[in-house]
Amino acid sequence: MRPLWVAAGVAALAGLAVAQEDDVFDFVPDGGRTILERMQSDGIPDGLAAAIRAEAAPAEDWKPRLEEAGLDQWDAATLAEYLEAYAPMDPAGDLPRDGRDLALALCQSCHIITVTVTQDRTREAWLGTFNSPSHVEIDMTETERNLLADYLVLNAGIPFDQIPPELRAGGASY
């Protein structure tokens, strides 16, 4: 059974998410889907679009290509992990959930997002949490578990003072 403050926090967050989704969660960095959609609207270079449609490659191989296409190192690293998980794929098609999508949808189903995004952890630590009894039943594929871990390694560890005050309730712990 969840503590009462968790249930109240989840209910409050649900209301916030509906009312202010575009504003209150802006501090959570974009995930690969969002970055790829932004690139698509700006025009992905033809060679890169062809590679995304045809190639499976590790993140380390995608990063320099994404930086050459104009992404900063942070976005390139985040998108590279996403492409490692899902390419080959149609960059203009329906894109699967990214790490940000997963964190906002799944982590918040039990606790405030602050619990997740303020933690600076290794990939192995995140995967250990996802495989713990309290998390193992979360509806994610193995690919999504790995992608979420990679996303959080790159994008979590957000300082508490950068969290919107309305999301600080209870601090960044269980």
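The values are calculated or read from the model by the stated rules, or taken from the named source; none is laboratory data. Since the model is a prediction, treat every value here as computed from it, not as a measurement. Cβ sites come from the backbone with ideal geometry, for glycine too, and all protein chains shown count toward neighbours. Heads up: the accessible areas ignore ligands, DNA and RNA and are worked out on the full protein's heavy atoms, side chains in. Shrake-Rupley method; radii C 1.70, N 1.55, O 1.52, S 1.80 Å.
Remark: the range 141-153, residue by residue, has Karplus-estimated 3J(HN,Hα) of 7, 4, 4, 5, 4, 5, 5, 4, 4, 5, 4, 5, 4 Hz, where x stands for each Gly or Pro and the curve is 6.51 cos²θ - 1.76 cosθ + 1.60 at θ = phi - 60°. The 3J(HN,Hα) values that the Karplus relation (6.51, -1.76, 1.60; θ = phi - 60°) gives for the range 105-120 are, in residue order, 7, 9, 5, 6, 5, 10, 8, 4, 4, 4, 4, 7, 6, 8, 8, 9 Hz. Gly and Pro appear as x. Counted over the range 61-139 with a bin width of 5 Å, the fraction of Cα pairs per bin, in whole percents, is 3, 13, 17, 23, 18, 14, 10, 2, 0. What fraction of the Cα pairs in the range 26-100, stated in percent, has a spacing above 16 angstrom? Cα-Cα pairs in the range 26-100 separated by more than 16 Å: 40 percent. Taking the average, over residues, of other Cβ atoms within 10 Å as the packing measure, peptides 108-115, 86-93 rank 108-115, 86-93 from highest down.
Remark: the range 44-174 carries 48 Å² of accessible area per residue (probe radius 1.4 Å; ligands, DNA and RNA excluded).
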